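One structure below.
No lab work stands behind these numbers, since they all come straight from the coordinates. On a predicted model such as this, the values are computed, not experimentally measured, just so you know. Virtual Cβ from ideal backbone geometry, glycine too; neighbours counted across all protein chains shown.
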Amino acid sequence: MGQKKLWGGRFTKTTSRTVETFTESVSFDARLYRVDIRASKAHARMLGAQHILSHEDVEAICGGLDGIESDIENGKFSWSDALEDVHMNIEARLTERIGDAGKRLHTARSRNDQVVTDMRLFVREALDQLAKCLQNLQDVLIARADQHAADIMPGFTHLQVAQPVVLGHYLLAWAAMLQRDERRFEDARVRVNICPLGSAALAGTSFAIDRQMTSDLLGFDRPCDNSLDAVSDRDFVIEPMADLSLVMIHLSRMAEELVLWSTEQYRFVDLGDTFCTGSSIMPQKKNPDVAELIRGKTARVCGHQMAMLMLMKGQPLAYNRDNQEDKEPFFDAYETVVTSLKVMTEMLAQASFHVENMRLAAAQGYSTATDLAEYLVRKGVPFRDAHTVVGQAVRYGVENNKQLYELSLETLQSFSAHIGEDVFGVLSLEGSVNARKHVGGTAPSQVRLAIARARVALQQTLDSKGA
Ligand code: ARG
């Protein structure tokens with residue numbers, strides 16, 4: 001048998017238990033209690049300042065809400081799904097505590113503008129935490145890049161050895177993806193940080209409210225422009241969720257390489273005993289499950305983003321109960337990304353890179369063939385001709401099981417008379433990476449400059465946030 005509702009005036013029967021269970025959101029939106037209380041206090045203070053509520057009522061409301069907040073924090077609050085959601089649970093408890101003043105809190109407000117204000121506050125905090133996690137991971141990547149600024153490894157295209165690069169350059173490529181992610185969150189925050197409070201159910205309110213005041217009290221940049229849009233819009237959830245998906249896509253790409261690199265075939269990295277797990281049957285196994293799970297969790301974050309998009313498809317203005325379904329996908333996506341970022345950060349901080357194996361791999365696969373072609377171009381050979389000549393030298397090497405740098409000068413000269421003694425510097429791994437010394441190139445000298453730039457950029461974002 002259902003319980004009498006706060007909105008039950010026009011009803012003669014109580015809600016079916018099945019419906020109560022189906023429609024409740026308190027099982028997942030209770031976590032909004034802090035932002036809900038914060039927004040309610042701002043609303044009450046504004047009503048007081050506008051003489052819509054008496055000073056005594058405002059004090060009773062704010063004191064009561066503080067008491068409820070500490071009860072929740074100390075596990076002394078009992079949530080009821082018959083009261084539907086976090087908003088009505090708190091309001092009902094407030095009225096129990098302070099009487100009629102509690103019943104006045106909802107003046108000039110609806111749950112429609114209340115819930116969307118709560119969500120905007122919650123998403124804003126989430127974005128700030130995500131930015132910090134992204135900074136921590138960039139920090140580790142930059143530090144590891146510094147340790148390996150001159151360690152040579154193969155760079156790949158089509159997963160085939162292509163050209164030598166340094167490990168530091170590789171790690172900075174990962175950091176660059178995460179820096180873009182961080183900027184995307186910063187950018188989305190601008191559109192999140194707008195205050196819907198005062199839009200009430202959909203049309204605004206007949207009370208002389210001060211929307212600027214509530215917006216300021218809650219740290220928003222300004223009030224939303226249109227009450228219909230304000231209560232129904234969930235772009236401010238969808239957009240950060242698209243950014244969350246992209247973070248996971250980046251983490252998944254990194255995870256995939258770590259999985260590959262830790263195989264017996266590559267042996268580029270040891271992810272560490274504390275970050276691997278064993279097999280219940282094969283005693284020799286040390287599996288990269290952490291990296292695999294990060295890759296796997298990408299699916300659910302991207303799935304949540306699709307759920308959010310579909311949630312909004314075809315919704316007429318203004319508020320519809322569909323919107324209650326914005327919470328679980330966002331909460332789960334956000335938690336999954338925070339955890340994945342933390343785990344990746346710790347794993348990369350302690351992983352050991354096997355730089356000797358990387359170097360051996362870079363020395364295979366004719367990785368400096370392009371350097372030989374470019375050498376011939378500098379000697380006056382047109383690039384297309386140089387490409388053909390080097391292709392012939394590579395074919396000779398493949399047939400005779402020799403790398404280019406293992407061929408004698410005479411053999412090399414049989415492919416082009418332009419080749420001289422100085423070719424061996426060009427064919428060496430160091431010669432190859434050192435030659436790429438322009439901005440964005442893999443020469444250790446450039447990588448060190450890139451590390452310095454990345455450090456400055458990271459520090460600037462920390463400073464601008466006053467962290
Ligand atoms: N729990 C609801 C939600 O999350 C709160 C708003 C309910 N509003 C309404 N008109 N039924 O969206």
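Leaving out same-chain residues fewer than 8 places away, which aspartates and glutamates sit with a Cα under 17 Å from that of residue 4? Leaving aside aspartates and glutamates fewer than 8 places away in the same chain, those within reach of residue 4 are 20, 24, 81, 84, 85, 91, 96. Ranking 106, 70, 80 by how far each Cα lies toward the positive end of the dipole of the range 47-111 (charges on Cβ) leaves 106 at the top.
Stokes-Einstein, applied to the Kirkwood radius of the chain over Cα pairs at a viscosity of 1.567 mPa s and 4 °C, places its translational diffusion at 49 µm² s⁻¹. Look at the dipole of the range 279-399 built from charges on Cβ: of 331, 319, 367, the Cα furthest out on the positive end belongs to 367. With neighbour counts taken as other beta-carbon atoms within 10 Å, the residues 263, 14 rank, fewest first, as 263, 14.
Distance distribution P(r), the range 307-402, all Cα-Cα pairs, bin width 5 angstrom from 0: 2, 10, 10, 9, 8, 6, 6, 6, 7, 8, 9, 8, 6, 4, 1 percent. Our Cα-only numbers for the range 314-467 put the radius of gyration and Dmax at 25.9, 81 Å.
Within 14 Å, Cβ to Cβ, of residue 51, how many net charges do the neighbouring residues add up to if Lys/Arg are +1 and Asp/Glu are -1?
That works out to -1.
Legend: P(r) of the range 126-198 from all alpha carbon pair distances, 5 Å bins from 0, whole percents, reading 3, 16, 18, 15, 14, 11, 9, 6, 3, 2, 2, 1, 0.
Separation of the range 133-192 and the range 288-356 by C-alpha centroid, Å? Here the answer is 20 Å between Cα centres. Straight Cα distances below 17 angstrom link residue 313 to the lysines 327, with same-chain residues fewer than 8 positions distant left out. Highest-first packing order for the peptide set 274-286, 305-317 is 305-317, 274-286, based on the mean count of other beta carbon atoms within 10 Å. Across the alpha-carbon atoms of the range 66-156, the computed radius of gyration and Dmax are 23.4, 73 angstrom. A helix-only calculation puts the chain at -20000 deg cm²/dmol for mean residue ellipticity at 222 nm, using -39500 (n - 2.57) for each DSSP H run of at least four residues, averaged over all residues. Put simply, when 324-333, 110-119, 201-210, 168-177 are sorted by average Cβ atoms within 10 angstrom per residue, most first, you get 110-119, 168-177, 324-333, 201-210.
For the range 373-467, trypsin sites (Lys or Arg not before Pro) are listed when DSSP marks them as loop and at most 15 other Cβ atoms sit within 10 Å of their Cβ; the list is 379, 402, 437, 465.
A Cα-only calculation for the range 193-284 places Rg and Dmax at 25.0, 73 Å. Projected onto its three principal axes, the C-alpha set of the range 215-335 covers 63, 30, 21 Å, listed from the longest axis down. In terms of surrounding Cβ atoms within a 10 Å radius of their Cβ, 7, 261 rank from fewest to most as 7, 261. Each Cα pair of the range 122-247 feeds into the Kirkwood radius, which the Stokes-Einstein equation turns, at 4 °C and 1.567 mPa s, into a diffusion coefficient of 74 µm²/s.
Dipole size in debye (nearest 20) for the chain around its Cα centre, Lys and Arg Cβ +1, Asp and Glu Cβ -1?
That gives a dipole near 440 debye.
Shape class for the range 1-50, computed from the alpha carbon gyration tensor (a ≥ b ≥ c): oblate, with a/c not under 1.5 and a/b at or below b/c. Bridgeable lysines around residue 437 (alpha carbons under 21 Å apart, same-chain partners fewer than 8 residues away excluded): 379. Normalised by the number of residues in the chain, the mean separation of alpha-carbon contacts (under 8 Å, six or more apart) gives a relative contact order of 15 percent. Determine the relative contact order of the range 34-149: mean sequence separation of Cα pairs under 8 Å and six or more apart, normalised by residue count, in whole percent. Taking the mean separation of contacting Cα pairs over the length of the range 34-149, I get 28 percent. In the range 333-457, a dipole from Cβ-located charges (positive for Lys and Arg, negative for Asp and Glu) runs towards its positive end, and of 401, 423, 353 it is 353 whose Cα lies farthest in that direction.
Which whole number in µm²/s is D for the range 349-420 by Stokes-Einstein, with the Kirkwood Rh taken over Cα pairs at 4 °C and 1.567 mPa s?
Working: Rh = 13.4 Å.
The Stokes-Einstein estimate is 97 µm²/s.
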